[in-house]
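Presented below is the structure to which this report refers.
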Amino acid sequence: MPSNYGSITTQMTLVEKASLLSGEDFWHSRKIDRLNIPAMALADGPHGLRKQASEGDHLGLVKGVAATCFPTSATMANSWDVEMCEAVGKALGKEAVYNEVNIILGPGLNIKRSPLCGRNFEYYSEDPYQAGKLAAAYTRGIQSEGVGACLKHFAANNQEYLRMTNDSIVDDRTLHEIYLTGFEIAVKEGKPKAVMSSYNKVNGTYSHEHKYLLRDLLVDTWRFEGMVVSDWGGSNDAVESVKAGAHLEMPSTGYDSVHQIVDAVKSGNLDETVLDERVEEYLKVLYETEINRKIELDFEAHHKLAQKAAEASIILLKNEDVLPLKPDCKVAIVGDFADTPRYQGAGSSMVNPYKLDSTLEVMKQANLDIIGYASGYDRVGKCAHDKCEEAVNLAKKADVAVVYIGLNEIDEVEGQDRQHLKISSCQIELLEAVAKVTKVVAVISGGSVIEMPWETQCDAIVHGYLTGQAGANAILNVLTGAVNPSGKLSESYPLKYEDVPNINYYPGNERTSEYREGLYVGYRYYDKVGQDVRYPFGYGLSYTSFEYSDLVVMQDGVRFSLKNIGPVAGAEIAQLYIGKDQNLIHHPSKELKGFKKIFLMPGETAIVEMPFDDYSFRYYDVNENSFQIENGLYQLLVGSSSREIKLKGEIKIDGKTPEKEDQQKLSDYYKGTVSAVSFDTFQALYGDVVPKATWDRTEPLGLNDSLAQMVYAKSFLARTAIKILIGLRNKSVKKGNPDLNLFFLSNMPFRAIAKMSNGAVSIAMTKNILDIVNGHFFKGLGGLVRSFISYRKRGLN
Ligand code: BGC
C-alpha cells in the first residue's frame, strides 16, 4: 500500500486523474496500467453478495454468483443483536474477499419514514439510534475482512416513487435528529470505507453534489475518511460533485464525465488541487481495500450462521397457550408460502442463494405429527375457493394449523412504493375459514409493516420477516421451542394505514416530498398523541418472562436488575428511552437512547448497565446549527417496548437554555398532531421558503425532469412513447410480475440516459433528445448528429 498518494497523483495526466472518478463498467472503477493502479470492484449488498459475473444491472434482473442469502436488514434489526450483526457482516466480508469484491454496497440505513416505502425491507428501523448502531456493527464486521462497507443511501432517501428526481424538503432539526443521526453513529462507530449518496435531492441540492452533507458534515464534523460513491445513475453534474466532495460516479458514463472534469480544470472552473484531493482520497480507499489473498469459503458455516441470525430475529407477536407446539400434537401445514417461501425482497439486493431450505422438507424431519399440507390460496389472481376448502378439510383433522401467509413478491420491490398495508384478501379468507375449525398459528413472511385486523383469528403469530435462505429451519425451531423467540419489532404496527402520521404527505409526488410530520415518525408520533397501535415499536414476546427491578440512576448511565422468572432460558431486549417535558422547544415524549440483548437461564438475574452517550440528551439547535444539550429534568424510562415501561427515573442535566420557539405557530408540533400540518405551519418549521411541489407543465422539460413527465411534452411522439411505457409497466403489475426495468425507466430523469448508457449517449446528446421531446424535432435531430460526431471524435482525450 503506498504511503503517499500525492506522489501518485503527480505522475498522472489530467485525463488519468479525472478517469479515476467514474466507472469503467457497471461494477468497476477504472484502472491505469501505466502506473499499476488497479480497478476497484463493487457489488451489492446488503444482506448477501450480488456479484454479477456477466451482464450488469442494478435491478437484480441478472442472477449473481451463488452466495449466502442472510436475513434482510429489516429482519436482522428485529434481533437488536449487535454481535450477531457484526458476525453476519464478517461473513459478508469473507464472501466479498472470496469473490474479489473490494466494496460491498451496504448496509442501507434509511429511516422507515412511512411503512409504504418499497425498500423498507432493506432498511433497519424507524429509529435512527437503532439503525446507526446496527449499521455500525455490520460495517465493522464487513471491514474486519479487509474489504469496505458502503453506507447507503445518504441521505433522506425515503421513497421509491420518482426516487431519482424527488427533492426531500425537510427542516434542519428533523434532518439532523431523524435522518442523519443513524449515519453519524455508523460513520463514527463503524468507520466505513465508503458512503453512497442517494438519488434524491435534499432541500434543493442533489445528494451527490451536496457540499454540506458530503464535506461539512461527513468529513469535517464526523471525520469520515472514505470515499463517496454515487448511487447508480445518481450523479447529476460531474464537476459540481467533485467540488462538493464526491469521489466515484457509477456506473460508467464512458468518457463523458471525464471530459467534463478535464474541461472544468482547463477553464478554471475546477481547481486542480481539489481534483487531486479527491483522487488521493479515492486511492486511499482503493489501496486499503485491496485484496491480496485467496480464501476458501465455508458455505455450510455461513448457512448455519444465516439460520442463527434468523432465529435471533424472529418475533413472537401473539401466543395464547399454543406455542411451542407439543411433539404429539397433530399439525396441518397450510399456505403457499410454506411451499414457495419469500425470504428476501426484489431489486438490487436480490441474492442468488447458495442453497434454500424448504419448509415442507424441514417439517418432515421435525419431531411433530404432520398430517399434511394444503396450499390454501394462489399468490396472485382471484381467490381459489377449492384450495381454501381443501385446506379447511385438512385443518379439521389437526389440533393446530400452521398457516403460512405474508406479503407477495409484488408487494415489496425496489423502485416502487406500496399502495396499502394489506395482505391479500384470499389469505385472510383462508385464515378465517381455518380458524373456525381448529387452532391457528400464523407464520408471516414480509419485510415491512402490515395491517392485521385478522389478528383475532389467530391463536399465535410468528413473524419471520424475510428470513434469508435458512429461514425454514429457524421458524421450525421457534415453533417447536428448540429456540425461544427473542426478536422485537423495529417499527410500529399501526391499527390501520390511516393512523400513520405522514399519510397526507407520502409519497411526495412530482417535484418534492415535504416532511411535514417533522420529528414525529413512528413511535415518536404514536406515543406522543397516545394513538393505539396493533404492536408498538420494540415489542415481541418470549416463551419465558422477565422482571425488571432496582433502577439506579447514575451520572453516566442507568443500572437495573433483569431476572428471567419463567420456565425456560431466553433473551430479553431491554430498551432505554429518554424524554423531556416541552418547555422552550418541542420534543417527542421519549426517544430510544440505549438497548441491550441479554440472555438469561431460568431464575438467573443480570445487572444491566446502559451508559449515556453523546446522543442521550442532545437536540439539534437550528439557531446554532449544531447539536446542543438542553438544560433541565429528563425522564429515564426502561422498558421491554416503547409502550411497556417497567422502570422510571429522572436526571437533571446542565446544558444551555434554547431560544424559545413560536409555540403558537408550531402548535401542531407541540401537540404532535402532525398528520394534517398546513403549508404555513410547515413553512414556519422549515424556516425558509418551501419550494413549489408540482411540475410546471408549461415549461420545456429539462435534464432533471423524469421521463414520466413526458405526458406533458410538446412532442406527440414523446407523449405516445411514455403512454406506452406506463401502460406496459401497469400491465406487468396487474400480472403480478412487475417489470423493474419499466419502473426504473418511468421514474428516471433524462440525464440518466447519459449516465446509465455506458458512454453510448453523452449529456450533450441527451440535451438534443430533449429538444426533440420539447417539440423542436429538426433542431434536436441535427444537434444529435453533431454531438454524436464530436463525442466520438474526442475519444479518450
Ligand atoms: C440502488 C442501490 C444499489 C445500486 C447498484 C441502485 O439502483 O439504489 O442501492 O446499490 O443500484 O445495484
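The values are calculated or read from the model by the stated rules, or taken from the named source; none is laboratory data. Quick caveat, the model's predicted, so the values are computed rather than measured. All Cβ positions, even for glycine, are placed from backbone atoms using ideal geometry, and neighbour counts span all protein chains on display. We work out accessible area using only protein heavy atoms, side chains counted, and drop any ligands, DNA or RNA first. Shrake-Rupley method; radii C 1.70, N 1.55, O 1.52, S 1.80 Å.
The charge dipole of the range 707-794, taken about its Cα centre with unit charges on the Cβ of Lys, Arg, Asp and Glu (plus for the first two, minus for the last two), comes to roughly 100 debye.
The lysines whose alpha-carbon is closer than 17 Å to the alpha-carbon of K692, local same-chain residues fewer than 8 away aside, are K201.
The calculated Kirkwood hydrodynamic radius for the range 383-477 is 14.2 Å, given to one decimal from all distinct C-alpha pairs.
Shape of the range 757-796 from the C-alpha gyration tensor: oblate (a/c of 1.5 or more and a/b not above b/c, with a ≥ b ≥ c the square roots of its eigenvalues). Here's the picture: charge each Lys and Arg Cβ at +1 and each Asp and Glu Cβ at -1 in the chain, and of S7, A136, T75 the one pushed furthest to the positive end of that dipole is S7. For E160, the amide hydrogen comes within under 5 Å of the amide hydrogens of G118, D417, counting only partners 5 or more places away or on other chains and with H modelled in the peptide plane. Under the combined filter of DSSP loop state and at most 16 neighbouring Cβ atoms within 10 Å, the range 411-505 retains these trypsin sites (Lys or Arg not before Pro): K436, K496. Per the Debye formula with a single identical scatterer at each Cα and no solvent contribution, what log10 I(q)/I(0) holds for the range 707-794 at q = 0.11 Å⁻¹? Evaluating at q = 0.11 Å⁻¹ gives log10 I(q)/I(0) of -0.35. Remark on the chain: hydrodynamic radius 27.4 angstrom, per the Kirkwood mean of 1/r across alpha carbon pairs. In this structure the amide hydrogen of S168, modeled in the peptide plane, comes within under 5 Å of the amide hydrogens of K201, V202, N203, G204, S513, none closer than 5 places in sequence on its chain. Candidate cross-link partners of K304 among the aspartates and glutamates, defined by an alpha-carbon separation under 14 Å and a same-chain spacing of 8 or more, comprise D357.
Relative contact order for the range 422-504: what percent, with Cα pairs under 8 Å and sequence separation of 6 or more? The value is 27 percent. Working note: Karplus 6.51/-1.76/1.60 with θ = phi - 60° gives the range 728-740 the couplings 5, 4, 5, 4, 5, 5, 4, 6, x, 9, x, 7, 4 Hz, where Gly and Pro are set to x. For the listed residue pairs K211/K779; K528/K596; K243/K723; K94/K731; K211/K734; K112/K597, the alpha carbons are over 31 angstrom apart in K211/K779; K243/K723; K94/K731; K211/K734.
Mean residue ellipticity at 222 nm, helices only, the chain: -8500 deg cm²/dmol; runs of at least 4 DSSP H residues each add -39,500 (n - 2.57), and the sum is divided by the number of residues.
Basic side chains Lys and Arg get +1 at the Cβ, acidic Asp and Glu get -1 at the Cβ, and with that the dipole of the range 303-512 about its Cα centre reaches some 420 debye.
Cβ distances below 4.7 Å define possible disulfide partners, and in the chain the cysteines left without one are C69, C85, C117, C150, C329, C388, C458.
Of all alpha-carbon pairs in the range 533-659, indicate the percentage at a distance above 19 angstrom.
Above the 19 Å cut-off, the range 533-659 has 51 percent of its Cα pairs.
Charged side chains reduced to their Cβ positions (Lys and Arg at +1, Asp and Glu at -1) give the range 137-242 a dipole of some 300 debye around its Cα centre.
Among the trypsin sites (Lys or Arg not before Pro) within the range 677-740, those in coil by DSSP and having at most 16 neighbouring Cβ atoms inside 10 Å are K692, R697, K714, K735. At 1.4 Å probe radius, can you tell me the per residue accessible area of the range 303-512 in Å²? With the other protein chains kept in place, the range 303-512 gives 34 Å² per residue. Against the chain, whose longest principal axis is taken from its Cα atoms, helix 299-313 shows a tilt of about 60°. Per residue, the accessible area of the range 71-154 comes to 14 Å², computed with a 1.4 Å probe over protein heavy atoms only.
So what is the relative contact order of the chain, in percent, for Cα pairs below 8 Å that sit 6 or more residues apart? Relative CO of the chain lands at 14 percent.
Hey, if you put +1 on the Cβ of every Lys and Arg and -1 on every Asp and Glu Cβ in the range 295-433, which of Q416, V351, I370 ends up farthest toward the positive end of that dipole? Positive-end residue among those listed: I370. The relative contact order of the range 533-659 comes to 28 percent, based on Cα pairs under 8 Å that sit 6 or more residues apart.
Counting only residues at least eight positions apart within a chain, or on another chain, the lysines with an alpha carbon under 19 Å from that of K63 are K51, K355.
The Cβ shell under 11 Å around Q344 holds other residues with a net charge of -1, Lys and Arg each +1, Asp and Glu each -1. Amide H to amide H distances under 5 Å link D378 with A384, where only residues 5 or more positions off or on other chains count and H is placed in the peptide plane.
Would the range 453-597 count as rounded, prolate or oblate if I go by the C-alpha gyration tensor, calling it rounded below 1.5 in a/c and otherwise prolate when a/b exceeds b/c, oblate otherwise?
Details: a/c = 2.29, a/b = 1.22, b/c = 1.88.
It comes out oblate by the Cα gyration axes.
Taking only protein heavy atoms and a 1.4 Å probe, the accessible area of the chain is 51% carbon and sulfur. Between the listed residues A693, F716, V785, the Cα displaced farthest toward the positive end of the dipole of the range 642-797, a dipole computed from Cβ unit charges relative to the Cα centre, is found at V785.
Qualifying trypsin sites (Lys or Arg not before Pro) in the range 250-323, where qualification requires a DSSP coil assignment and no more than 11 other C-beta atoms within 10 Å, comprise R293, K294.
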